[in-house]
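K.L.:
One structure coming up, written as structure tokens, with questions to follow.
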Amino acid sequence: MSAIKHHTPDPLMAAYAAGTLPHPFAMVVAAQISMDDTARASFEAHKVAGGVLLDDTETAPVSEDLKSNVMDQLDATYVEKPRKKAQGVYPAPVMEALKGRPPRWKSLGLGVRQDIIWSGPEGSVRLLYIPPNQAVPDHSHGGLELTLVLQGSFSDETGEFGVGDLEVANENVEHTPFAGGDQACICLAATDAPLRFRSFMPRLLQPLFRI
Ligand code: ZN
């Protein structure tokens, strides 16, 4: 993993290390950390800094319990002690969400496939499979979208993303991710609100696919 260009932005990493990132995004950041030594170092640094901050507020009655809870949760679920091992292109946090099974792909048309591996009130996390040279329909976002490349690459209006790269898109970004030509692009994508498609057909299909 030497060519990672798009790392997890610092505020996201800080929120992850503090245990305050909503679950869908935490899953993607955990996966990114597992693929990227720079992210791992940043995570460790934030964890230490966050621990110092919590220690400074020792008068707060909940701080010790809260701190150990947050750290237990983080550690047990994701980065430190993953219950599942990485398999193929799927990092440990993804295998954990998949409960060790292979993805169950559902067609979105034009060869694009998805598997929603987690969904809840905080949003959803999906695996996306995009055939070489194929695009995901042009869309904008009702909230935040994090996309981590697990295999292949994609490019859009904002740049090029290869294995281990993380794209952060929000309400202000409208894009058409386009898979590279060498192999299918497999991504892990988390959203906290439905995507907004420009063309009529995908909008019509949206409730069906829960995009
Ligand atoms: Zn998007």
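None of the figures in this text is laboratory data; all of them are computed from the coordinates on show. Since this is a predicted model, take the numbers as computed values, not measurements.
K.L.:
Can you work out ³J(HN,Hα) from phi for every residue in the stretch 88-94, in order, using Karplus 6.51 cos²θ - 1.76 cosθ + 1.60 and θ = phi - 60°, giving whole Hz and x for Gly and Pro?
P.N.:
Residue by residue, the stretch 88-94 yields x, 8, 9, x, 3, x, 6 Hz.
K.L.:
Follow-up. Would you pull out the residues with amide H under 5 Å of Leu108's amide H, same chain only if 5 or more places away, H placed 1.01 Å from N?
P.N.:
Here the answer is Arg113, Gln114, since their amide H atoms fall under 5 Å of that of Leu108.
K.L.:
Moving on. Can you run phi through the Karplus equation (6.51, -1.76, 1.60; θ = phi - 60°) for the stretch 38-50 and list ³J(HN,Hα) in whole Hz, with x for Gly and Pro?
P.N.:
4, 5, 4, 5, 5, 4, 4, 4, 5, 5, 5, 4, x
K.L.:
Please turn the phi angles of the stretch 15-24 into ³J(HN,Hα) values with the Karplus equation 6.51 cos²θ - 1.76 cosθ + 1.60 (θ = phi - 60°), one per residue in order, whole Hz, x for glycine and proline.
P.N.:
Values per residue, Gly and Pro as x: 5, 5, 5, 7, x, 9, 6, x, 3, x Hz.
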